[in-house]
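The values are calculated or read from the model by the stated rules, or taken from the named source; none is laboratory data. Keep in mind that this is a model prediction, so the values were computed, not measured. Cβ: placed from backbone, ideal geometry, glycine included. Neighbour counts: every protein chain shown. Just so you know, the surface numbers come from the protein's heavy atoms only, side chains and all, with ligands and any DNA or RNA stripped out. Shrake-Rupley method; radii C 1.70, N 1.55, O 1.52, S 1.80 Å.
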Amino acid sequence: MRIAVILRTSCIGLFISLSWIIPNWGWANPARNAQVTHLELYLSQILNVDEFRNHKNLAELNRVSAWLKEQMRRLGIPCQFQDYIANSQGYRNLVCQLNVKAEQKIVVGAHYDVYANIQGANNNASGVVGVLETARLLSLQKKNLKHNIEFVFYGLEEPPYYKTEHMGSYIHAKALRKNKQKVKAVFVLDSIGYYDENLIQTYPAGLKWLYPRHGNYIASIGHLGSVGLTSDFCTAMQVRQLLECERFIIPTFIQSMDYSSYLSYARLNYPTVLISDTAHYRYPYYHTEQDTRDKLDLKKMTYVIDGVVHTLLAQ
């Protein structure tokens with residue numbers, strides 16, 4: 001019996017290894033849903049207990065972006081760095097194309113930097129691994145896509161560059177506008193990993209009477225130009241009935257839940273949705289050293305990722 005167990009475990013290990021080494025083998029990874037084991041693998045490579053992905057640590061930022069590029073290459077998705085300068089330092093976004101020769105594209109993005117000297121597990125390694133697993137799933141279902149998908153990992157989002165022209169998302173959004181790209185929608189994943197059934201949820205002024213007090217839901221946040229998209233995502237979540245979804249429609253001129261890279265696109269009138277656990281409105285460890293891997297609910301993150309994938313395939 002022990003020998004059989006060892007052989008079975010070895011075969012599973014080989015099976016998983018082959019799925020990464022030779023991703024084009026359809027049998028190598030037949031899963032069509034997000035996997036907790038994949039999220040664990042991604043996080044183990046992104047989170048570093050000794051180095052931090054902040055704007056001062058270019059070496060660590062570059063290490064993470066290079067690793068992401070290699071993972072996307074293994075999925076058969078080519079990437080290029082989008083380089084730019086901020087305060088005389090060189091930074092880069094990673095822009096990856098899943099091309100199905102369509103006229104329009106959908107952007108799916110997340111920032112990979114952190115605030116200060118913290119690990120940033122929820123903010124925003126959770127969003128990064130969410131985009132990476134979304135890319136894996138869509139690469140397996142490429143024939144079902146009706147639009148090109150542009151995956152973007154942003155190099156700067158956190159202070160001191162937040163809401164400035166040096167944000168990676170602003171650099172990318174501005175380039176889309178300059179090059180007259182036909183963008184159907186933008187989905188930004190930021191802080192998708194923290195959930196609590198207790199009555200801990202807070203809101204900007206005026207919203208607490210309209211939404212749940214518990215923190216056990218995912219938010220679909222948009223503006224007046226993305227009402228349909230926020231609804232599409234929540235519908236995808238409701239079909240599965242695994243995690244509650246709440247819609248927020250925030251006018252672009254109201255500074256409340258327009259955090260993250262979402263704002264860079266919404267201000268340029270791109271239909272934009274922010275997928276989030278609401279970050280600092282719920283997460284007590286936001287921008288603290290306690291923002292660590294153990295705070296993440298990986299199973300519920302897979303529900304969110306599956307909802308994103310379903311929404312993108314339905315567009």
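Taken over segment 225-253, the residue count meeting the criterion of being aliphatic (A, V, I, L, M) and either without any contact (Cβ under 8 Å) to a residue 12 or more places away in the chain or touching a Pro at 6+ places or on another chain (Cβ under 6 Å) (or both) is 1. The residue list Y194, Y162, Y170 contains one member that is farther than 17 Å from F81 by Cβ and in contact (Cβ under 8 Å) with a residue 60 or more places away in the chain, which is Y194. Scanning segment 280-315 for residues that are part of a loop (DSSP other than H, G, I, E, B) and of a type in the set (D, E) gives E289, D291, D297. Pairs linking a residue in segment 282-293 that is without any contact (Cβ under 8 Å) to a residue 24 or more places away in the chain to a residue that is surrounded by fewer than 17 Cβ atoms within 10 Å (Cβ to Cβ), with Cβ atoms under 9 Å and 6 or more positions apart or on different chains, are Q290/P284. The set of residues in segment 268-281 being surrounded by fewer than 20 Cβ atoms within 10 Å (Cβ to Cβ) and touching a residue at least 40 places away in the same chain (Cβ under 8 Å) consists of L268, N269. Within the set G215, G127, the sole residue that is in contact (Cβ under 8 Å) with a residue 40 or more places away in the chain and more than 22 Å from P271 (Cβ to Cβ) turns out to be G215.
The number of residues in segment 191-224 being open to solvent by 50 Å² or more (accessible area, probe 1.4 Å) and not aliphatic (A, V, I, L, M) comes to 7.
Take the conditions crowded, with 24+ Cβ neighbours inside 10 Å, closer than 25 Å to I249 by Cβ and not polar (S, T, N, Q) and apply them to V186. Does it pass? Criteria met by V186. For segment 145-159, the criterion of being touching a Ser or Thr at 6+ places or on another chain (Cβ under 6 Å) and closer than 20 Å to Q82 by Cα is satisfied by at least one residue.
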